[in-house]
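K.L.:
My structure is below; once you've seen it, I'll send some questions.
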Amino acid sequence: MRDKFLLAYRSIKERRTRSILTVLGIAVGIAAIVSLMSVGYGMEEAITGELTGMADMISVMPGKIAGHAYVELGSFTDRDVKDVQRISGIKDITAMTYDAVEVEYRNERAPIFILGGDTKELGSFYVDPVGIKEGRWLRENDYKGCVIGDRVANDFFDEVIHVNDKLEINGAKFVVVGVFEKASTMYAADVDPHIFLTLRASQEVLQTDEVKYIMVRIYDIEEAEEIAEEIEEAINDNHGLDDFANAMTMGSMIEQIGDVFNIIRGVLVGIAAIALVVASIGIMNTMLMSVMERTHEIGVMKAIGAKSSDVLSLFLLESGMVSLVGGVVGCVVGVIVAKVISFGASAALGIEMTAVVKPEVLLGGMAVAMVVGVLSGFYPARKASRMSPVEAVRYE
Amino acid sequence: MIHTENLTKIYRMGDAEVYALRDVNLEIKEGEFIAIIGSSGSGKSTLLNMIGCLDTPTSGSVFIDNVNTASLNENELAEIRREKMGFIFQQFNLVHTLNAVENVALPMFFAGVKRETRLKRAEELLVNVGLGDRIYHKPSELSGGQQQRVAIARALSNDPEIVIGDEPTGNVDTDTGNAIMDILEGLNKEGRTIIVVTHDAEIAAHAGRTKRMRDGRVLD
């Protein structure tokens, strides 16, 4: 067996440039798979990691998730909030109202979402995890004050908004008392593009006392699903509808995100698979050329007594060795690329993300390389083994 | 030891049928040194390929030790080539990625001989043909005559009863050719059956018996 390896190695070495190119072809395919998978896992972990930190939260929305889209069906009432409060196991509850209204700043107008709620409760959900950059959080009696998210402050208007600047929200004047830090991935959608008001101010500005969003914090994470169901039942009873309220635990959100990431990973692997198909055609081409070039050599081997199976195994070994090396190189390059991508993404997007290199991804990459190598080497190898010795010897 | 019965080989060239061999009946006895002589296209190489189990006849049969080779499968034919025959070609046909000693050891490798035993015997065989100082040279670093001596050593590696040479002196100069024929004569004296194909009457003169071929037929 050792000698067969040696023989195969010799003929790989003999065609050095071509062998290196073939190795590269495989390596690129495997590196693509390994790096994309590792970055995908890294992203998933970065997001679900943050979600796990919020595992005691349940968010309740008046609507349902149809397919992958959210359809708002109406709004909650004060009675809904009171009924939810009565459910046992709930620590905090925040009723929020929100809608988009026109906001004016130094003669510039933009439609912005207003979020209003009990200042203490709202603060407990957002201030600690995101942090205030400038000024302070809202007080109960800040009826004319507002706190703005990072994008409202920096992106929405030509001029940057600071503390003590004045905004006109739906015609009413407000003073900015605080500006949030730029939020991390999980909170970015909730905080960055919003203006936060006290419940009273928001109800005045939006001219409604509807509740659009209820956030609940519970004592025991184990009970999350159960409590979520109770919340849905209580609200649905009030409205006489079956599918009105939608209470989502972080657990189910993590699951959903997991589903999304499975799809993303599937797409990424699909792209990488194309690279592998190209690589395997490359191997087959290299091996076929090798067989044609070596028609004579194969004939000689058969003439001096090599069996068809000897020739077959020699050629399979050759393509197997090339793809094994390609697999190893691909795994190494893939890990490096994954690290670089996640480092770049962390720096560019301001999120904490490290590539997660799973051993099963590396093993899988190697296995795929070997399978691709042996399968695409098989046809040329069989072609070689079936050559008649006299045809081969005559060939010159 | 070897005999053929109405051995016929037809090649198709487009629509035409070319008779490379026509009803050849030939008997070669054990320990004989026979030269088959003929011009190019006379069918002598085809006959050699049939006897050497490299090619299969269109009709008729080749018997080796009274076994009809037509009844053998590919692996059994490979075994005959490996164990009973040693081939020497006009073009030497060494594997150019391997050095001299590895080339000589190659048939033993296919026969499953252990590595140490194989390399030791290969080295001895190279010493016997006068290449003791060239055993690690690649074929490209050897002259034609030296390559042919490596090929002879390779032909002997599994200690075959029959040595077959297809124009073994065709690509070397006269002196080297004579030296090679001397080696073959020596092998014949050891008791091996030698079958050589040539178009050169002088070379054929080394053989104990000469058969002439023309148009696919063996003449008397």
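K.L.:
Quick one: which strands (runs of 3 or more DSSP E) sit completely within region B:168-220 and have at least 2 residues that are hydroxyl-bearing (Ser, Thr, Tyr)?
P.N.:
B:193-198
K.L.:
From the set of residues in region A:47-79 that are among the aliphatic types (A, V, I, L, M) and modelled with pLDDT of 80 or more, which is most open to solvent (accessible area, probe 1.4 Å)?
P.N.:
For region A:47-79, the residue satisfying everything is A:Met61.
K.L.:
Could you tell me whether A:Ser388 is open to solvent by less than 50 Å² (accessible area, probe 1.4 Å), more than 14 Å from chain B (Cβ to nearest Cβ), closer than 27 Å to A:Leu6 by Cα and among the hydroxyl-bearing types (Ser, Thr, Tyr)?
P.N.:
The answer is no for A:Ser388.
K.L.:
Let me confirm something: among A:Val340, A:Val393, A:Val374, A:Val357, which residue is closer than 30 Å to A:Glu297 by Cβ, of a type in the set (Val, Ile, Thr) and open to solvent by 40 Å² or more (accessible area, probe 1.4 Å)?
P.N.:
Result of the check over A:Val340, A:Val393, A:Val374, A:Val357: A:Val374.
K.L.:
Looking only at region B:25-35, decide whether some residue is open to solvent by 30 Å² or more (accessible area, probe 1.4 Å), at pLDDT below 90 and over 15 Å from the mean Cα position of the chain (by Cα).
P.N.:
No, the conditions are met nowhere in region B:25-35.
K.L.:
So, in region A:96-147, of the ones that are among the hydroxyl-bearing types (Ser, Thr, Tyr) and within 24 Å of A:Val81 (Cα to Cα), which residue ends up most open to solvent (accessible area, probe 1.4 Å)?
P.N.:
My answer is A:Tyr143.
K.L.:
Would you confirm, using the coordinates I've provided, whether B:Ile183 is touching a helix residue (DSSP H, G or I) at 6+ places or on another chain (Cβ under 9 Å) and either polar (S, T, N, Q) or more than 13 Å from chain A (Cβ to nearest Cβ) (or both)?
P.N.:
Judged against the criteria, B:Ile183 is a match.
K.L.:
Checking the condition away from chain B (no Cβ under 14 Å) and over 19 Å from the mean Cα position of the chain (by Cα), which residue from A:Ala367, A:Ala348, A:Ala303 passes?
P.N.:
A:Ala367 is the lone residue from the list that is away from chain B (no Cβ under 14 Å) and over 19 Å from the mean Cα position of the chain (by Cα).
K.L.:
Any chance region A:154-164 includes a residue that's open to solvent by less than 40 Å² (accessible area, probe 1.4 Å), closer than 29 Å to A:Asp56 by Cα and touching a helix residue (DSSP H, G or I) at 6+ places or on another chain (Cβ under 8 Å)?
P.N.:
No, because not a single residue in region A:154-164 is open to solvent by less than 40 Å² (accessible area, probe 1.4 Å), closer than 29 Å to A:Asp56 by Cα and touching a helix residue (DSSP H, G or I) at 6+ places or on another chain (Cβ under 8 Å).
K.L.:
Under the condition of being within 8 Å of another protein chain (Cβ to nearest Cβ) and acidic (Asp, Glu), which residue from region B:75-89 is surrounded by the fewest Cβ atoms within 10 Å (Cβ to Cβ)?
P.N.:
By that ranking, first place goes to B:Glu83.
K.L.:
In region A:345-373, how many are under 19 Å from A:Ala272 (Cβ atoms) and either part of a helix (DSSP H, G or I) or among the polar types (S, T, N, Q) (or both)?
P.N.:
16
K.L.:
Tally the residues that are part of a helix (DSSP H, G or I), aliphatic (A, V, I, L, M) and open to solvent by 30 Å² or more (accessible area, probe 1.4 Å), restricting the search to region A:236-274. Walk me through how you get there before you give the answer.
P.N.:
Step one: filter region A:236-274 for residues part of a helix (DSSP H, G or I), giving A:236-239, A:250-274.
Now restrict to residues that are aliphatic (A, V, I, L, M): A:250, A:253-254, A:257, A:260, A:263-264, A:267-269, A:271-274.
If we keep only those that are open to solvent by 30 Å² or more (accessible area, probe 1.4 Å) as well, we get A:253-254, A:257, A:260, A:263-264, A:267-269, A:271, A:273-274.
The total comes to 12.
K.L.:
Another one. For region A:216-224, does any single residue satisfy the condition of being without any contact (Cβ under 8 Å) to a residue 12 or more places away in the chain and either outside the structural domain of A:Ala27 (by TED's automatic domain parsing) or of a type in the set (Ser, Thr, Tyr) (or both)?
P.N.:
Checking region A:216-224: at least one residue is without any contact (Cβ under 8 Å) to a residue 12 or more places away in the chain and either outside the structural domain of A:Ala27 (by TED's automatic domain parsing) or of a type in the set (Ser, Thr, Tyr) (or both).
K.L.:
Let me ask another. With the checklist (1) open to solvent by less than 30 Å² (accessible area, probe 1.4 Å); (2) in contact with a Ser or Thr (Cβ under 8 Å, 6 or more places away or on another chain); (3) touching a residue at least 60 places away in the same chain (Cβ under 8 Å); (4) not polar (S, T, N, Q) in hand, flag the one item B:Ile194 doesn't pass.
P.N.:
(2)
K.L.:
From the list A:Met366, A:Met301, exactly one residue is over 22 Å from B:Asn93 (Cβ atoms) and crowded, with 18+ Cβ neighbours inside 10 Å. Which is it?
P.N.:
Just a single option satisfies the conditions, and that option is A:Met366.
K.L.:
Only one of these is within 16 Å of the chain's Cα centre (by Cα) and surrounded by fewer than 15 Cβ atoms within 10 Å (Cβ to Cβ): B:Gly186, B:Gly170. Name it. Steps first, please.
P.N.:
Working: B:Gly170 fails: surrounded by fewer than 15 Cβ atoms within 10 Å (Cβ to Cβ).
Every option except B:Gly186 fails the conditions.
K.L.:
Please determine whether any residue of region B:199-217 is under 15 Å from B:Ile88 (Cβ atoms) and within 14 Å of chain A (Cβ to nearest Cβ).
P.N.:
Scanning region B:199-217 turns up no residue that is under 15 Å from B:Ile88 (Cβ atoms) and within 14 Å of chain A (Cβ to nearest Cβ).
K.L.:
Looking at region B:90-111 only, could you name the residues that are surrounded by 19 or more Cβ atoms within 10 Å (Cβ to Cβ) and at the interface with chain A (Cβ under 7 Å from one of its Cβ atoms)?
P.N.:
Within region B:90-111, B:Asn93, B:Val95, B:Thr97, B:Leu98, B:Leu106, B:Pro107, B:Phe109, B:Phe110 qualify.
K.L.:
Here is a follow-up. Are there helices (runs of 4 or more DSSP H) fully within region A:1-93 with at least 1 residues that are within 30 Å of A:Thr208 (Cβ to Cβ)? List them.
P.N.:
A:78-86
K.L.:
Another question about this same structure. From A:Ser323, A:Ser280, A:Ser319, A:Ser313, which residue is closer than 23 Å to A:Arg15 by Cα, touching a residue at least 12 places away in the same chain (Cβ under 8 Å) and within 14 Å of another protein chain (Cβ to nearest Cβ)?
P.N.:
A:Ser313
K.L.:
Let me ask something additional. Looking at (1) assigned to a loop (DSSP other than H, G, I, E, B); (2) buried (at least 17 other Cβ atoms within 10 Å of the Cβ); (3) more than 10 Å from chain A (Cβ to nearest Cβ), which is the only condition B:Gly132 fails?
P.N.:
Unmet condition: (2).
The values are calculated or read from the model by the stated rules, or taken from the named source; none is laboratory data. Computed from a predicted structure; not experimentally measured. Cβ coordinates were reconstructed from backbone atoms using ideal geometry, including for glycine residues, and neighbour counts include every protein chain displayed. The accessibility values were calculated without ligands, DNA or RNA, using every heavy atom of the protein model including side chains. Shrake-Rupley method; radii C 1.70, N 1.55, O 1.52, S 1.80 Å.
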